[in-house]
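**Q** There's a structure below that I have some questions on.
Readers should treat all values here as calculations from the given coordinates under stated rules, not as data from a laboratory. Note that the coordinates shown come from a computational prediction; the quantities given were computed from them, not determined experimentally. Counting neighbours? That spans all protein chains shown, and the Cβs are built from the backbone with ideal geometry, glycine included.
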Amino acid sequence: MEAKAGTVIVCDARGRDNVAHFGEFMALECVREKIAGLVIYGAVRDAAAVEKIGFPVFCTALCPLPPTKQHAGSVGRTITLRGVRVAAGDQIIADRDGVLMVPSMDWPKVLAGIKQLLVQERKTRRRMQAGESLGEILGLRPCRAVRTTV
């Protein structure tokens, strides 16, 4: 495998969802090679097995049909994935809510913002656990009910 340990592989499969482009065996290989994850604009298969393996995959579709191994992709090339330019060294942030690609030159500023947001969220969570309402924490005034007829 050409990708280095710690790499998130970003793959443009052109949104094809009629055949899988990645599956259990490829996930096992990625874990063996210490690849950090996969973001793919296309389908994957063996979702339950890949999840059990613990390899993070973010895809646009699932399909049970196996991939054909006709040619290897390239590593390190800049690509455009659904209109977003992704280059080697860019940072990928992904979870169940979505995938965010951050250009490497913007990463320090974005990381600082993330750290600040996490501190603020921890404070808000503690205050809510102590009994404050979100409205109180945010300084929102309660809304008065408005009677409407339809």
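**Q** What number goes with the only condition from (1) among the hydrophobic types (A, V, I, L, M, F, W, C); (2) in a loop (DSSP other than H, G, I, E, B); (3) surrounded by fewer than 17 Cβ atoms within 10 Å (Cβ to Cβ) that ILE35 does not pass?
**A** Of everything listed in (1) among the hydrophobic types (A, V, I, L, M, F, W, C); (2) in a loop (DSSP other than H, G, I, E, B); (3) surrounded by fewer than 17 Cβ atoms within 10 Å (Cβ to Cβ), ILE35 misses just condition (3).
**Q** Identify, please: which residue in region 48-73 is without any contact (Cβ under 8 Å) to a residue 40 or more places away in the chain and not hydrophobic (A, V, I, L, M, F, W, C) and is, among those, surrounded by the most Cβ atoms within 10 Å (Cβ to Cβ)?
**A** Taking the candidates together, the pick is PRO56.
**Q** Let me ask something additional. Could you please find all residues in region 1-32 being assigned to a loop (DSSP other than H, G, I, E, B) and surrounded by 14 or more Cβ atoms within 10 Å (Cβ to Cβ)?
**A** Answer for region 1-32, where residues must be assigned to a loop (DSSP other than H, G, I, E, B) and surrounded by 14 or more Cβ atoms within 10 Å (Cβ to Cβ): MET1, ALA3, THR7, ALA13, ARG16, ASP17, VAL19, HIS21, PHE22, GLY23.
**Q** Here is a list of conditions, (1) at positive phi; (2) surrounded by 12 or more Cβ atoms within 10 Å (Cβ to Cβ), and GLY139 meets all of them except one; can you say which number that is?
**A** The number of the failed condition is (2).
**Q** Hey, another quick one. Go through region 33-47 residue by residue and tally those that are of a type in the set (D, E, K, R) and under 18 Å from VAL75 (Cα atoms).
**A** Count: 2.
**Q** Also: What are the pairs with Cβ atoms under 6 angstrom where one residue, in region 28-47, is touching a residue at least 24 places away in the same chain (Cβ under 8 Å) and the other, located anywhere, is in a loop (DSSP other than H, G, I, E, B) and acidic (Asp, Glu)? Sequence gap at least six, or different chains.
**A** Short answer, once both residue conditions are applied: ALA43/ASP17.
**Q** In region 94-125, what residues are among the acidic types (Asp, Glu) and surrounded by 11 or more Cβ atoms within 10 Å (Cβ to Cβ)?
**A** Listed by number, the list holds a single entry, ASP106.
**Q** Can you name every residue in region 31-50 that is among the basic types (Lys, Arg) and closer than 24 Å to ASP90 by Cβ?
**A** Correct list: LYS34 only.
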